[in-house]
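**Student:** Sharing a structure, written as C-alpha cells. Questions coming.
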C-alpha cells in the first residue's frame, strides 16, 4: 500500500500525523507482552511477558519477525525491563527472583491505581541465552528499569539507594554508580539520547504538601501512583533538567528519535483519568506536539530500531481478550 501523508488539527489543538507508521506487523499473540527493545544488530527483540502458566512477567527474546520466542530469565520471581548490551551477547534486566522465587503480590488497588516498586528488585547481567553472570545492584530497596546506551556503555536505571526513587547510572559491570536526580518524587523509565549525552524520563514530583505526603505514604508501602507523570529531559550527569510536558496526566515511555531532535512518548493527555494511551511526538524542547497513533486503546513502550527505519511498540490493538497486550513493529518515516 502506498504511503500517504495526512495532517489534521484535532479539537485539542494537537497536530495528528498519520504518515509515520506503515506496514504494521503483530509479533506476539495472547498474554501480556510489553517493553520490547531491539538488539544492536536489529535482528532480535527482548521483551517481558506473562503467558501460559506464568503468573507474572518473565524476560523473553525473539527474532525481529516474531519467530523463536523463548525464555531467557530464570522463570522465578517477577522481572522487568530487559535490554541488550552493545555486544549483542549480553542482557540486563530487573528481577525479584533472588529475594523470593515466587511472584510478589500484586499492588493493593484499594489504595487507587498504584504501581508496586518491589524492594526485592535488583538488576542482573546475563548472557543472551539466560546465564546470569553478575548481580549489578545490591542497595536495599527497588533497583530496576534499566536501559543501556551502546556508545558509552552506561546503564541508566531507577533506584531507592538514596531513600527516594531517583535515576542513577552505572557502567555495564555495575561499577561507577552515580546518582543523577535528587528532587523528591519518582524519576524513572529513562532513555539516553543516541549519543549518550542526555537522558529523557518520566517523573512525578508532587508540588503540594498534600501531594508530597501521599507520595511518601505510598512509598513507605513500596507503592507509587503513575497517573500524574510528566516528561523530563536533562544532561546525562543530571545538569540542565527541564520539564517538557505539563498535562497533569500520565505521560511515560519517552525516548529520543534517532537524530536526537525529537522525543516520542505515550500519554493519556486527551483523558487524564482514562486508560486510552496513544503515542505522541514533540521537539526536544517540548514544542511542536503531534499525535502519532490513534488506535483507541493502550499503546506505549516505543523504541526505534538501530537503523532508525522501524518502530517497535506495545498495544492492545486488535486484542482478543481483556488485558491482552501484544508487540508490534512498523516501518517509520
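Since every read-out is calculated from the coordinates, none of them should be taken as a lab result. Please read all numbers here as calculations on a predicted model, not as lab measurements. Glycine gets a Cβ as well: all are built from the backbone with ideal geometry, and neighbour counts include every protein chain shown.
**Student:** What order do you get for 129-137, 250-258, 208-216 when each peptide is scored by the mean count of other beta carbon atoms within 10 Å, highest first?
**Tutor:** Listed from highest to lowest mean packing, they are 250-258, 129-137, 208-216.
**Student:** Mind checking the full-extension length gain between residue 195 and residue 227? Use 0.36 nm per residue of separation minus the Cα-Cα distance, one decimal, nm.
**Tutor:** Value of the extension gain: 8.5 nm.
**Student:** Run the helix sum for the chain: -39,500 (n - 2.57) per DSSP H stretch of 4+ residues, divided by residue count, reported at 222 nm to the nearest 500 deg cm²/dmol.
**Tutor:** Helix contribution divided over all residues of the chain: -1000 deg cm²/dmol.
**Student:** If you don't mind, there's one more thing I want to ask. Using the 10 angstrom Cβ neighbour count as an exposure proxy, how do 281, 232 rank, fewest first?
**Tutor:** 281, 232
**Student:** If the chain between residue 212 and residue 171 were fully stretched, how many nm would it gain, using 0.36 nm times the residue separation less the Cα-Cα distance?
**Tutor:** Fully extending the segment from residue 212 to residue 171 adds 11.5 nm.
**Student:** Moving on. R0 = 25 Å: FRET efficiency of residue 70 with residue 41, Cβ-based, nearest 0.05?
**Tutor:** Working from the Cβ atoms, E equals 0.90.
**Student:** Output the peptides 28-38, 98-108 sorted from most to least packed, where packing is the average of other Cβ atoms within 10 Å over each peptide's residues.
**Tutor:** 28-38, 98-108
**Student:** Next question. So, in nm, how far is label residue 323 from label residue 134 when the simple model puts each one 7 Å beyond its Cα toward the Cβ?
**Tutor:** Going from the residue 323 label point to the residue 134 one covers 3.8 nm.
**Student:** Tell me, what is the percent relative contact order of segment 7-332, built from C-alpha pairs under 8 Å that lie six or more residues apart?
**Tutor:** For segment 7-332, the relative contact order is 16 percent.
**Student:** For the chain, what D do you get in µm² per second when you plug the Kirkwood radius from alpha-carbon pairs into Stokes-Einstein at 20 °C and 1.002 mPa s?
**Tutor:** This corresponds to a translational diffusion coefficient of 108 µm²/s.
**Student:** Full-extension gain between residue 110 and residue 26, please, as 0.36 nm times their residue separation minus the C-alpha to C-alpha distance.
**Tutor:** Difference between extended and current length: 26.8 nm.
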